[in-house]
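Note sheet for the following structure.
Any read-out appearing in this document is the output of simple, stated calculations on the displayed coordinates, not a laboratory observation. Quick caveat: nothing in here was measured; it's all calculated off a predicted structure. Positions of Cβ are generated from backbone atoms using ideal geometry, with glycine treated the same way; all protein chains shown enter the neighbour counts.
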């Protein structure tokens, strides 16, 4: 028996759309092998970086100068040292081994898990405990350099920059309040570039009483104020040590501190600007006091 003639085929009907089918104009996507993740879509969000919190009563110090100074300081209790290969070589140039603890070799991406994105760490970080406060009398006995008192200076980067200037110009101690003053932070240590572990820091409850204590010990205490009549260069006595009080970034010295100081002084700045940043003013003032001896 002869077979009936085959009916001519018409156009094929498209298969129903499925998850594995590619839209028109795209190559079909290949399934990922079992056990392996498939390719990430370009429009899918990146996985968030897991943030690590430091242990209780610790902080991360970062940057080569800050880490080297902390390792040199016998008062600093260190817990962990994280370094890239390049940072370890750079740290060796500043501080030859042996170090107080064995470093952990890490990649630069590791620092993103416990530092902020803008932290300039240079591949070095040290987990450590905050420094215990220094006794003011001990600091005064150890040095006759300028005493710097900070009246509600709250920005940790400003405090760090002030500490750096204090180290550069031989200040005896930096005095801050127990309250209304920032705690020790990695940002402060980074701005101080190692000076946090060099300059003694004393924390006092009452700055006005601290000023009176300094006066009893023979210090001439000057408050830096933009409206003062006397210039700092002419006010420093030659027969006694000096102390300088700096006010907050926005409000300046408080009334009680102004009234307790021996004298209010100013820096002779141009009328083109209203004032200087507190850390810049501290650097200029400390230079002037050190220059006069």
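If I model the stretch 59-128 as equal point scatterers sitting on the Cα atoms and use the Debye formula, what is log10 I(q)/I(0) at q = 0.15, 0.16 Å⁻¹?
The calculated log intensity ratios at q = 0.15, 0.16 Å⁻¹ are -0.40, -0.46.
I'd like the FRET efficiency for residue 86 and residue 251, computed as 1/(1 + (r/R0)^6) with the beta carbon distance as r and R0 of 41 Å, rounded to 0.05.
My answer for the efficiency is 0.40.
Please list the radius of gyration and Dmax for the stretch 47-196, considering alpha-carbon atoms only, with Å as the unit.
Both quantities, over Cα of the stretch 47-196: 16.0, 55 Å.
Could you rank the peptides 130-137, 155-162, 79-86 by their average count of other C-beta atoms within 10 Å per residue, with the highest value first?
155-162, 79-86, 130-137
Classify the stretch 179-218: rounded, prolate or oblate, from the alpha-carbon gyration tensor (a ≥ b ≥ c, eigenvalue square roots; a/c under 1.5 rounded; otherwise prolate if a/b is larger than b/c)?
oblate
Between residue 79 and residue 263, how many nm apart are label points set 7 Å from Cα along the C-beta direction?
Reported label-point gap for residue 79 and residue 263 is 4.8 nm.
Can you compute the modelled spin-label distance between residue 230 and residue 217, with each label point 7 Å from Cα toward Cβ, in nm?
Each label point lies 7 Å from its Cα, and together they span 2.1 nm.
Quick one: grab the alpha carbon gyration tensor of the stretch 73-114, order the square roots of its eigenvalues as a ≥ b ≥ c, and give me rounded if a/c is under 1.5, else prolate or oblate depending on whether a/b is larger than b/c.
It is oblate, given that a/c is not under 1.5 and a/b is not larger than b/c.
Output the antiparallel fraction of DSSP beta bridges having both residues in the stretch 156-293, as a percent to the nearest 5.
5
Can you bin the stretch 136-291 into rounded, prolate or oblate? Criterion: square roots of the alpha carbon gyration tensor eigenvalues sorted a ≥ b ≥ c, rounded for a/c under 1.5, prolate for a/b above b/c, oblate for the rest.
Rounded shape, in that the Cα axes give a/c under 1.5.
Calculate the spin-label point distance for residue 168 paired with residue 129, positioning each point 7 Å from the Cα along the beta-carbon direction, and give it in nanometres.
3.3
Give the calculated FRET efficiency between residue 102 and residue 274 to the nearest 0.05, with a Förster radius of 51 Å applied to their Cβ-Cβ distance.
Efficiency for this residue pair is about 0.50.
Using a Förster radius of 25 Å, what is the FRET efficiency between residue 284 and residue 143 based on their Cβ-Cβ separation? Nearest 0.05, please.
It comes out at approximately 0.75.
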